[in-house]
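Below is one structure, written out as C-alpha cells; the observations come after it.
The values are calculated or read from the model by the stated rules, or taken from the named source; none is laboratory data. Note that this is a predicted model, so its numbers are computed, not measured. No Cβ is skipped: glycine too gets one built from the backbone with ideal geometry, and neighbour counts run over all protein chains shown. Each accessible area value is taken on the protein alone, full model and side chains, heavy atoms only, with ligands, DNA and RNA left out. Shrake-Rupley method; radii C 1.70, N 1.55, O 1.52, S 1.80 Å.
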Amino acid sequence: MPTRRLPAEIARGLRDVAPLLIGIIPFGLVAGAAAVEAGLRPLQAIGLSVVVFAGASQLAVIDLLGQNAALSIVVITGVVINLRILMYSASIAPSFQSFRPRWKAITAYILTDQAYALSISRYAEKELSKTERRRYYLTVALTLWIVWQICTIVGIIIGARVPDEWGLGFAVPLVFLSLLVPAAASRPAIAAALVGGVVSTVGTIYNFPLNLGLITGGATGVVAGVVVDTYTNTPGQSSSETNH
Amino acid sequence: MPTEYTSLAVWIVILALGVATFTIRISFISLFGLLENVPDRVTRGLQFVPPAVFAALAAPAFIAPSGHIEFIGNEQLIAGITATAIAWYVDDVFATIIAGMLTLWILRFGI
C-alpha cells in the first residue's frame, strides 16, 4: 500500500474522506449538469464551482438564474444558504489559531460541511500537533475540492447520469450520523443533538426557505447544550468544573 | 429554461457570492487570531456545535426523507438505525456508510 509511506494524518485523512466521496460525486455531477441546463456557459459553470465551492448555494443560484430572478435575490439567497458556515468557522477557529494568515486563508476557502465535520471529529478524538492538524484538514478538504471540480466538469460534459434510485446522496447524511454518535457523548451534548435534529427536521417539514432549518437547528442546539451544561453540574464532568 | 442574463451579469453573481462566502468562511478563523485568548464562555458554547450541527445535518434525511415525517415503510430510517448500531459498536465512518448504503439497497432492490 503506497499510503503506508505517507505521513500518518494524511493517510488517515484519505481513509476518512474516501467513503464520503460516494455521496459527493452525484451532487457534483448535478452542479455541473444543472448549470449548463440553466444556460450558464461551461466556463461559468466551472467558475461557480471554483469561486464559490458550496454545493447547496450553487444549485440555488443556478435555479434562480434559470428563472431570471433579480440578481440581488440570486446573490442574497446564496449568501443566506452559506451563513451556516459561520458556525463551522467559529467551531474550528481555535484549532487553526496558530496557523499563519496565508494558511488561514487557504483553509477557509476550502471549508465545507464535510471538511469541518471530519476534522473537528478527528481533533476531538486525538491530540494533534499544529502540523498534524493542518495535514489532516488539508487532505480531507483538498480531496473534496478536487473531486468536486472534476465532477462539475464531467457533469457539464456528459450530464448527471447517476440514477436517483441508487440513493448515492444518502452517503452524505450517513457520514454526519456516524460522526454524531461519538460527538453526543455527554448529557449536554445529547441535548444539543436532540434539539438540533428536531428543529432542523421541523424546518424540513415546514419548508423553511434557504436552508434556515439547518442554521436554526444548529444555533438552538448549541443553546440547549449550554443550558443543560449549566444546570446539571455533575461532579467529575470536566466541561462544567469552573465556578463563576 | 435558460437564463436571459448576459455573461457579465452571471460572472458578477459568481464573484459576489464567492467573495461573500469566503468572508463567511474566514470570519471567525481570522477573528480568533486577533484575540489573545478566547473567552471561556465562548469555548464552552462552541463544544456543542458538533453534536448540534451533525444532528441538524443528518436528522431530516432519516426522519423526513421526502419532506414529511415517515415512520412506516421508511427505508432511510431503517438504514439509519442499522448505521447507528454499527457506529455505536464499531465507531468507524467507513463501516457505518457501508452498513447504511447496503441496508438501503437491500430494502430497495432486494439484493
Margin query: If B:GLY33 meets every condition in (1) more than 7 Å from chain A (Cβ to nearest Cβ); (2) at pLDDT below 85; (3) outside any loop (DSSP other than H, G, I, E, B) apart from one, which number is that one?
Written below: (1)
Item checked: Test for B:LEU15: is it at the interface with chain A (Cβ under 7 Å from one of its Cβ atoms), at pLDDT 90 or above and open to solvent by 20 Å² or more (accessible area, probe 1.4 Å) -> yes
Item checked: Qualifying positions in segment A:41-60 - open to solvent by less than 10 Å² (accessible area, probe 1.4 Å) and farther than 23 Å from B:ILE26 by Cβ -> A:GLN44, A:ALA45
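Would you confirm, using the coordinates I've provided, whether B:GLU70 is farther than 25 Å from A:LEU20 by Cα, open to solvent by 70 Å² or more (accessible area, probe 1.4 Å) and more than 18 Å from the chain's Cα centre (by Cα)? Break it down stepwise before answering.
Working: farther than 25 Å from A:LEU20 by Cα: yes; open to solvent by 70 Å² or more (accessible area, probe 1.4 Å): no; more than 18 Å from the chain's Cα centre (by Cα): yes.
When the stated conditions are applied, B:GLU70 does not pass them.
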Notebook entry, point to check: From the set of residues in segment A:184-208 that are farther than 13 Å from B:PHE54 by Cα and in contact (Cβ under 8 Å) with a residue 24 or more places away in the chain, which is surrounded by the fewest Cβ atoms within 10 Å (Cβ to Cβ)?
Noted result: A:ARG187
Margin query: Against the conditions (1) surrounded by 21 or more Cβ atoms within 10 Å (Cβ to Cβ); (2) closer than 23 Å to A:PHE208 by Cα, where does B:MET101 fall short? Just the number, please.
Written below: (2)
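From the set of residues in segment B:32-49 that are of a type outside the set (S, T, N, Q) and open to solvent by 80 Å² or more (accessible area, probe 1.4 Å), which is farthest from the chain's Cα centre (by Cα)?
Filtering segment B:32-49 down to residues of a type outside the set (S, T, N, Q) leaves B:32-36, B:38-42, B:44-46, B:48-49.
Add one more test, that the residue is open to solvent by 80 Å² or more (accessible area, probe 1.4 Å), and what stays is B:34, B:36, B:40-41.
Details: B:LEU34: 29, B:GLU36: 31, B:ASP40: 27, B:ARG41: 26 Å.
Among residues in segment B:32-49 that are of a type outside the set (S, T, N, Q) and open to solvent by 80 Å² or more (accessible area, probe 1.4 Å), the one farthest from the chain's Cα centre (by Cα) is B:GLU36.
Which residue out of B:ALA79, B:ALA16, B:ALA58 is over 24 Å from A:ILE81 (Cβ atoms) and of a type outside the set (Val, Ile, Thr)? Lay out the reasoning, then the answer.
Values: B:ALA16 fails: over 24 Å from A:ILE81 (Cβ atoms); B:ALA58 fails: over 24 Å from A:ILE81 (Cβ atoms).
Sole residue among the options that is over 24 Å from A:ILE81 (Cβ atoms) and of a type outside the set (Val, Ile, Thr): B:ALA79.
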Notebook entry, point to check: Within segment A:105-133, how many residues are out of contact with any Leu (no Cβ under 7 Å at 6 or more places or on another chain), surrounded by fewer than 20 Cβ atoms within 10 Å (Cβ to Cβ) and within 19 Å of A:ILE85 (Cα to Cα)?
Noted result: 4
Note to self: Quick check on A:ALA124: is it small (Gly, Ala, Ser) and at pLDDT 95 or above?
What the structure shows: no
Check: Given the structure, is B:THR6 out of contact with any Cys (no Cβ under 6 Å at 6 or more places or on another chain) and more than 7 Å from chain A (Cβ to nearest Cβ)?
Finding: yes
Notebook entry, point to check: Restricting to segment A:61-81, what's the tally of residues that are surrounded by fewer than 21 Cβ atoms within 10 Å (Cβ to Cβ) and in contact (Cβ under 8 Å) with a residue 60 or more places away in the chain?
Noted result: 2
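Table: residues versus (1) farther than 30 Å from A:GLU9 by Cα; (2) modelled with pLDDT under 95; (3) facing another protein chain (nearest Cβ under 8 Å).
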residue	(1), (2), (3)
A:LEU142	no, no, no
A:ILE150	no, no, no
A:ALA160	yes, yes, no
A:VAL172	no, yes, yes
A:SER186	no, yes, no
